[in-house]
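Shown next, in structure tokens, is the structure this report addresses.
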Amino acid sequence: MTQIHAPATDDILNTARRVLDIEARALDALAGRLGAEFERAVRLVLDSRGRVIVCGLGKSGHIARKIAATMASTGTPAYFVHAAEALHGDLGMIHRDDVLIALSNSGETAELLAVVPLVRRQGGRTIAMTGNPQSTLATLADVHLDAGVAMEACPLNLAPTASTTCALALGDALAVALLDARGFREDDFARSHPGGALGRRLLTHVRDVMRPRDSVPTVGIGATVTEALLQVTRGGMGMTVVLDDAGAVAGVFTDGDLRRAIDRLGDVRTVPVADVMSRHPRSISDGRLAAEAAEKMESKRVSQLLVIDETGALAGALTMHDLMLAKVI
């Protein structure tokens, strides 16, 4: 049994730097090899009427699963099929209109060499991603993507390290090239990630999180500060809307307006709210994104916004707290 000794700190860091250097140089070489075959792979997927099936075994299988997930979340319908399972029933998941991407560093994985001819026999197109352009898998496929590396980062040159890094990066490059070609944008990405922070920011509109008109505290234009303050307290929004005789918004009275009025006038209990209110309140359309409301509040240094509908009428109101509860911010 090999005796284990505690390595020096410099040895640990030097090993780590060596790994990163090898993998960085492998990626740089990969970028230099991109050419017509990569373009053919992109066009093959774009021209397909089916989905992308990414297939692999072992470490290549893990990379294949990640590539499929990345494609699926960026506008290219894709899923992962385990190479061994494909030979025991899962081949039925692959349709003639689909495109198979088969990953094998050696290009000689027996299970993939059995799967690819079966997919081609039923009319499917195939892309091989290997580290050996002369391998059997490379020659069987319609398109070959060369993910080969000069050496692995493993000191024994055995464990898949640089090779899996290059395969993953090549898969990312393919997914992003497809994303760009399809005109995939932020709102498309959000629809694939509705549960994430980006999804909430890009799919949540003001109308989804605002307090409706009947929940917004209001007072008439003839109210006193005392009456307005009661509405501020009851409404829990730190403000009340002031309406004119026709029911249109004349202004808002906020906690800040109260402090400024007391500082200027002293006892303001009987002062008309119209004399101390803010006459040009900040507002936003109910159809705008909630993220835009958050940005507007932050840039204007306010904690509430009135919400206006398409006719210009008061539809509701929104506070920074409402946006926090909705996890928009």
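The values are calculated or read from the model by the stated rules, or taken from the named source; none is laboratory data. If you're wondering where the values come from, they're calculated on a predicted model, not measured in any experiment. Backbone-built Cβ (ideal geometry, glycine too); neighbour counts: all protein chains shown.
Going through the stretch 53-62 one residue at a time, which ones are buried (at least 24 other Cβ atoms within 10 Å of the Cβ) and more than 14 Å from Leu170 (Cβ to Cβ)?
Step one: filter the stretch 53-62 for residues buried (at least 24 other Cβ atoms within 10 Å of the Cβ), giving 53-56, 60.
Passing the criteria: Ile53, Cys55.
The helices (runs of 4 or more DSSP H) falling completely within the stretch 142-211 that include 1 or more residues that are under 20 Å from the mean Cα position of the chain (by Cα), at pLDDT 80 or above and under 21 Å from Met71 (Cα atoms) map to 162-182. If the condition is being closer than 16 Å to Thr204 by Cβ and not acidic (Asp, Glu), then the stretch 287-314 contributes Gly287, Arg288, Leu289, Ala290, Ala291, Ala293, Ala294, Lys296, Met297, Leu305, Val307. Scanning the stretch 78-97 for residues that are outside any helix (DSSP H, G or I), in contact (Cβ under 8 Å) with a residue 12 or more places away in the chain and over 26 Å from the mean Cα position of the chain (by Cα), we see that the one that is nearest to Pro160 (Cα to Cα) is His82.
In the stretch 102-115, what count of residues is obtained for those that are without any contact (Cβ under 8 Å) to a residue 60 or more places away in the chain and either surrounded by 24 or more Cβ atoms within 10 Å (Cβ to Cβ) or touching a Phe, Trp or Tyr at 6+ places or on another chain (Cβ under 9 Å) (or both)? Write out each step before concluding.
Keep residues of the stretch 102-115 that are without any contact (Cβ under 8 Å) to a residue 60 or more places away in the chain, which gives 102, 104, 106-114.
Next, from what is left, pick out any that are either surrounded by 24 or more Cβ atoms within 10 Å (Cβ to Cβ) or touching a Phe, Trp or Tyr at 6+ places or on another chain (Cβ under 9 Å) (or both): 102, 104, 107, 109, 112.
Of the residues in that region, 5 qualify.
Residues in the stretch 68-82 that are at pLDDT 90 or above and among the hydrophobic types (A, V, I, L, M, F, W, C) were compared, and the one that is nearest to Arg49 (Cα to Cα) is Ala78.
Which count do you get for residues in the stretch 207-229 that are closer than 17 Å to Asp275 by Cα and either outside the structural domain of Thr319 (by TED's automatic domain parsing) or of a type outside the set (S, T, N, Q) (or both)? Full working, then the answer.
To start, the set of residues in the stretch 207-229 that are closer than 17 Å to Asp275 by Cα comprises 218-229.
Checking which are either outside the structural domain of Thr319 (by TED's automatic domain parsing) or of a type outside the set (S, T, N, Q) (or both) leaves us with 219-223, 225, 227-229.
Here the count works out to 9.
In the stretch 272-287, which residues are touching a residue at least 60 places away in the same chain (Cβ under 8 Å) and buried (at least 16 other Cβ atoms within 10 Å of the Cβ)? Reasoning before the result, please.
Going through the stretch 272-287, the residues touching a residue at least 60 places away in the same chain (Cβ under 8 Å) turn out to be 284-287.
Scanning the stretch 272-287 gives Ile284, Ser285, Asp286.
A quick yes/no check of all residues on (1) touching a helix residue (DSSP H, G or I) at 6+ places or on another chain (Cβ under 8 Å); (2) assigned to a helix (DSSP H, G or I); (3) closer than 13 Å to Met210 by Cβ; (4) touching a residue at least 40 places away in the same chain (Cβ under 8 Å):
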{"position": "Gly256", "(1), (2), (3), (4)": "no, yes, no, no"}
{"position": "Asp263", "(1), (2), (3), (4)": "no, yes, no, no"}
{"position": "Thr270", "(1), (2), (3), (4)": "yes, no, no, yes"}
{"position": "Glu298", "(1), (2), (3), (4)": "no, yes, no, no"}
{"position": "Gly312", "(1), (2), (3), (4)": "no, no, no, no"}
{"position": "Leu318", "(1), (2), (3), (4)": "yes, no, yes, yes"}
{"position": "Ile329", "(1), (2), (3), (4)": "yes, no, no, no"}
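Collect the residues in the stretch 290-302 that are touching a strand residue (DSSP E or B) at 6+ places or on another chain (Cβ under 7 Å) and buried (at least 19 other Cβ atoms within 10 Å of the Cβ), keeping them in residue-number order. Passing the criteria: Ala290, Ala293, Met297.
Would you mention how many residues in the stretch 51-77 are under 17 Å from the mean Cα position of the chain (by Cα) and closer than 20 Å to Ala181 by Cα?
Step one: of the stretch 51-77, the residues under 17 Å from the mean Cα position of the chain (by Cα) are 66-77.
Okay, now just the ones that are also closer than 20 Å to Ala181 by Cα, so 67-77.
Looking only at that region, the number is 11.
A quick yes/no check of all residues on (1) loosely packed, with under 12 Cβ neighbours inside 10 Å; (2) not in a helix (DSSP H, G or I):
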| site | (1), (2) |
| --- | --- |
| Asp10 | yes, no |
| Arg25 | no, no |
| Leu30 | no, no |
| Leu44 | no, no |
| Ala64 | no, no |
| Ile67 | no, no |
| Thr70 | no, no |
| Thr76 | no, yes |
